[in-house]
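The structure appears below as structure tokens.
The values are calculated or read from the model by the stated rules, or taken from the named source; none is laboratory data. As the structure is a computational prediction, the values presented were derived from the model and not from experiment. When we count neighbours, we look across all protein chains shown, and the Cβ atoms used for this are built from the backbone with ideal geometry, even at glycine. Please note that ligands, DNA and RNA were not included when accessible areas were found on the heavy atoms of the full protein model with its side chains. Shrake-Rupley method; radii C 1.70, N 1.55, O 1.52, S 1.80 Å.
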Amino acid sequence: MIRPYESGDTEAIIDVWYQASIRAHDFVPAEFWEAEVENIRNTYLPLAQTWVYESDGKVVGFISLLDDHIGGLFVHPEQQGKGVGTELIQFARELRGWLSLLVFKENARSRAFYEKCGFSAKEESLHEPTGCVQVRMELP
């Protein structure tokens, strides 16, 4: 079930984000993700419109939107490959229509997922905090 984020979801969202980030971004030092926890809690979540995917009463994924930009889409590693991410993308598409996002170029699995959902790569840029290349993708 997809529902709006509530403040009581914060720790579950941070856990999903952290577990998924560490798994998907083995090319980024774990210290980067550990340092980002407070930014997620105090900066990013308050700025974005966030919806959670709940299964059996537990938050297993979420999507955060900044207008028509996906600021974050994360699914707990144990729930990946079960359609959660696809449902969250479809939900966001129904809300916004056109969507964009940034994904690390080295994250081939996520890029393939977004391409399967209909996104196409548009341009590359440097993510300065990590020194990694990120790809802007759009879903018209």
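Within 13 Å, Cβ to Cβ, of residue 135, how many net charges do the neighbouring residues add up to if Lys/Arg are +1 and Asp/Glu are -1?
Working: positive: 105, 111, 122, 136; negative: 106, 115, 123, 124, 138.
With Lys, Arg at +1 and Asp, Glu at -1, the neighbours total -1.
From the gyration tensor of the Cα coordinates in the chain, what semi-axes in whole Å does the equivalent ellipsoid have, largest first, with each one equal to sqrt(5λ)?
Numbers: eigenvalues 85, 71, 42 Å².
Largest first, the chain gives 21, 19, 14 Å.
Using Cα pairs under 8 angstrom and six or more residues apart, how large is the relative contact order of the chain, in percent?
Numbers: 209 pairs, mean separation 28.7, N = 140.
Reported as a whole number, the value is 21 percent.
For the chain, the share of accessible area belonging to carbon and sulfur comes to 49 percent (1.4 Å probe, ligands and nucleic acids excluded).
Highest mean packing first, where packing is the average number of other Cβ atoms within 10 Å per residue, the peptides 95-101, 127-133 line up as 95-101, 127-133.
How much area per residue is accessible in the chain when the probe is 1.4 Å and only protein heavy atoms are counted (Å²)? Before the final figure, lay out each step's value.
Working: 7590 Å² over 140 residues.
Averaged over the residues of the chain, the accessible area is 54 Å².
By the rule of a C-alpha distance below 27 Å, with chain neighbours fewer than 8 residues away ignored, the lysines paired with residue 58 are 82, 116. Two numbers describe the Cα atoms of region 1-79: Rg and Dmax, which are 12.0, 33 Å.
Based on alpha carbons, the Rg and Dmax found for region 74-140 are 12.4, 34 Å.
Listed highest first by mean packing, meaning other Cβ atoms within 10 Å per residue, what order do 56-63, 22-29 come in? If you can, show how the numbers build up before the last one.
Values: 56-63: 18.0, 22-29: 14.4.
Answer by packing, highest mean first, reads 56-63, 22-29.
When shorter helices are ignored and each DSSP H run of at least 4 residues is given -39500 (n - 2.57), the per-residue value for the chain at 222 nm works out to -10500 deg cm²/dmol.
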